[in-house]
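The values are calculated or read from the model by the stated rules, or taken from the named source; none is laboratory data. Everything numeric here is computed off the predicted structure, so don't read it as measured data. For neighbour counting, all protein chains shown are included, and Cβ atoms are generated from backbone atoms with ideal geometry for every residue, glycine included.
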Amino acid sequence: MSANDALHIAVLAGDGIGPEVMAPALEVLRKIEKTSGLKFRFTDAPAGANHYRETGKSMPESTVRLCDEADAILLGACGLPSVRYPDNTEIMPQVELRFHFDLYAGVRPARLIPGVPSPIVGADQRGIDLIVIRESTEGLFASMGKGVVTDTEARETLVITRKTSERLFEFSFRLAERRKARGKPGQLTCVDKANVFKAFAFFREMFDEAARRHPGVKTDRLYVDACAALLVKRPWDFDVMVMENMFGDILSDMTAGLIGGMGMAPSADIGDRHAVFQPCHGTAPDIMGQGKANPTGMILSTAMMLDWLADKHGLEAAAEAAESIERAVDKVYADGIKPMEFGGSNGTADIAKAVIAAL
């Protein structure tokens, strides 16, 4: 792909505040078009609880085909508490996409932006800049929809395979190496429960094998309970962490809480060919349509998308655009913008307008 080719982006705005945070993210990308030489082609597609309510499907085949053909997938937020499958589970096309496209690496950055409050004392001086890598297709989630429930007990099955784990660890070591090249520590921590479960001992064993292939990366190993305790005491000591699906599900929300909450947290689900980029937050139906939603996580997810596209296609302009978005977000928070979840008065439009002006 050359810099003159338009990057085709599948846009799944979703439910609740999903469309409200997607709109400013697309505005940011249109601004990037004017300043970077990059070109984008956006195609909207339905997915989510509202589509399920209307059709009985979380997303049509046309959406899956579009996602397959696109260069990247942008997702708002999907699901509504009041709309569920017959087994009472939520409508989650974002999870279905992980399985459909084998998006095994869930990447959840947690970076404390200047001017954003953290509940951790000293974080504003020491800083927080870490990444949780969550395996996204197996672990305990391999049992999704397959659990067995009787009158007396319920059972779910945790699955860890060599094929997926080896790819996950190679991805994680490469990411740590890239961060080291950018001046960050480049340290990788394996988070597991290898002292109790054979599956996690197997997981750690494969991590150790990968570590021998990447001697330039400093490594550490922590049990998940100890890791959780250290994250709330000294989060600045962490750089990149890799872990099983359920552990990652929990700790990525925890690390989002350290940097101001889910509205500030971007994410990506990445496979060998495809990738989905979305904010960590949910659909927040309680504030839908009120202009209160914080679009920062969605905007930073577009920066992650550009960085991934830069790496995949060798597009330096995309990497520069990703950095410019992060710098713009940093500037507007340092200048005093304050989203409503922090007790401020700045809603979706204010934050979007400020970021675009900073670009």
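Scan the stretch 320-349 residue by residue and report those that are buried (at least 17 other Cβ atoms within 10 Å of the Cβ) and among the polar types (S, T, N, Q). Answer for the stretch 320-349, where residues must be buried (at least 17 other Cβ atoms within 10 Å of the Cβ) and among the polar types (S, T, N, Q): Ser324, Asn346, Thr348.
Of all positions in the stretch 344-356, none carries a residue that is in contact (Cβ under 8 Å) with a residue 40 or more places away in the chain, among the charged types (D, E, K, R) and farther than 20 Å from Thr35 by Cβ. Of all residues assigned to the stretch 75-94, none qualifies as being surrounded by fewer than 18 Cβ atoms within 10 Å (Cβ to Cβ) and part of a helix (DSSP H, G or I).
Taken over the stretch 237-254, the residue count meeting the criterion of being closer than 21 Å to Glu177 by Cβ and not charged (D, E, K, R) is 6. Evaluated against (1) modelled with pLDDT of 95 or more; (2) at positive phi; (3) of a type outside the set (A, V, I, L, M, F, W, C); (4) surrounded by fewer than 16 Cβ atoms within 10 Å (Cβ to Cβ), Thr43 falls short on exactly one condition, (2).
Evaluation of Ala354 against the conditions (1) out of contact with any Pro (no Cβ under 9 Å at 6 or more places or on another chain); (2) over 20 Å from Ala265 (Cβ atoms) shows that the sole unmet condition is (2). Against the condition closer than 25 Å to Ala322 by Cα, buried (at least 17 other Cβ atoms within 10 Å of the Cβ) and at pLDDT 95 or above, how does Ala70 come out, does it pass? Against the criterion (closer than 25 Å to Ala322 by Cα, buried (at least 17 other Cβ atoms within 10 Å of the Cβ) and at pLDDT 95 or above), Ala70 qualifies.
Residues in the stretch 1-53 that are among the hydroxyl-bearing types (Ser, Thr, Tyr) and outside any strand (DSSP E or B): Ser2, Thr35, Ser36, Tyr52. Report yes if some residue within the stretch 264-282 is assigned to a helix (DSSP H, G or I), of a type in the set (Gly, Ala, Ser) and crowded, with 19+ Cβ neighbours inside 10 Å; otherwise report no. No, because not a single residue in the stretch 264-282 is assigned to a helix (DSSP H, G or I), of a type in the set (Gly, Ala, Ser) and crowded, with 19+ Cβ neighbours inside 10 Å.
Against the numbered list (1) buried (at least 20 other Cβ atoms within 10 Å of the Cβ); (2) in the same structural domain as Val11 (by TED's automatic domain parsing), Pro285 comes up short only at (1).
For the stretch 207-227, the criterion of a residue being in a strand (DSSP E or B), in contact with a Lys or Arg (Cβ under 7 Å, 6 or more places away or on another chain) and aromatic (Phe, Trp, Tyr) is satisfied by at least one position. Per this entry, Arg30 is not counted among residues that are among the basic types (Lys, Arg) and under 16 Å from Met288 (Cβ atoms). For the stretch 100-154, filtered to residues that are modelled with pLDDT of 95 or more and among the aromatic types (Phe, Trp, Tyr), the residue that is surrounded by the fewest Cβ atoms within 10 Å (Cβ to Cβ) is Phe101.
With respect to (1) farther than 23 Å from Met59 by Cβ; (2) hydrophobic (A, V, I, L, M, F, W, C); (3) touching a residue at least 60 places away in the same chain (Cβ under 8 Å), the lone exception for Val107 is condition (1). Taking Gln125 and the conditions (1) over 28 Å from Met288 (Cβ atoms); (2) of a type in the set (S, T, N, Q); (3) not in a helix (DSSP H, G or I), which numbered condition does it fall short on, given that it satisfies the others? Going through the list (1) over 28 Å from Met288 (Cβ atoms); (2) of a type in the set (S, T, N, Q); (3) not in a helix (DSSP H, G or I), Gln125 breaks only (3). Hey, among the residues in the stretch 191-207 that are free of Cβ contacts under 8 Å to residues at least 12 places away in the same chain and charged (D, E, K, R), which one's surrounded by the most Cβ atoms within 10 Å (Cβ to Cβ)? Per the stated criteria, the residue is Glu205. For the stretch 208-245, a residue qualifies if it is buried (at least 22 other Cβ atoms within 10 Å of the Cβ) and among the acidic types (Asp, Glu), and exactly one does: Glu244.
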